[in-house]
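What follows is calculated from the coordinates using simple rules that are stated; it is not laboratory data. None of these values were measured; they are calculated from a predicted model. A quick note on method: Cβ atoms are made from the backbone with ideal geometry, for glycine too, and the neighbour counts reach across all protein chains shown.
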Amino acid sequence: MKMKEQEIEDRSRTFNDVGDFWEHPRKEGWYYYDGRCPTSNCIVIPAEDSVEVHNFVIYEEEDRGKGHGMAMIADIRLAFPDKHIWVDTCIHARPFWEKMNEYGYINSIENDYDWPCMDTTCTVCHPNRANGRRRRK
Ligand SMILES: [Zn+2]
């Protein structure tokens, strides 16, 4: 037990006095941001001049559209004030990221192609699926 606690502690990181970053157990240099747990979570991958934000998720449907995402990305901006923060976005989240870009919380959206999300019931990313079911060919 003691060992385990030690192990967990060693993975925690603070960036610019913003805490609650935890290094990914298998991917070096990837950090979970748990500062907004359990509502939301994301991964950051800091490089020399930039930070990629990854797996940005607000868990519960009912928590979306209430500013939780903006609060979380504001934390990330605080943690990395001088770095170029960028994301790849799926189709349904693009308006959100465009707004965050406008506000200066991120610096760029890097993918210029349409990326449908994994959720086949999402009608924004999958507009042709009338009933949300995966179609047979
Ligand atoms: Zn979607």
Quiz item: If eta is 1.567 mPa s and T is 4 °C, what Stokes-Einstein diffusion coefficient results for the chain, Kirkwood Rh from Cα pairs, in µm²/s?
Solution: 79
Quiz prompt | In segment 1-106, trypsin sites (Lys or Arg not before Pro) in a DSSP loop with at most 11 other beta-carbon atoms within 10 Å | solution = R26, K27, K66
Quiz item: Can you give the calculated 222 nm mean residue ellipticity of the chain, where each DSSP H run of n ≥ 4 adds -39,500 (n - 2.57) and the sum is split over every residue, rounded to the nearest 500 deg cm²/dmol?
Solution: -6500 deg cm²/dmol
Exercise. Please find, in a Gaussian network model of the chain (springs between Cα atoms separated by less than 10 Å), the residue of M72, M118, M100 whose mean-square fluctuation is greatest.
Key: M118
Quiz item: Percent relative contact order of the chain, based on C-alpha pairs within less than 8 angstrom and at least six residues apart?
Solution: 14
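Mind putting a number on the dipole of the chain about its Cα centre? Charges go on the C-beta only, +1 for Lys and Arg and -1 for Asp and Glu, and I need it in Debye to the nearest 20.
It comes to approximately 980 debye.
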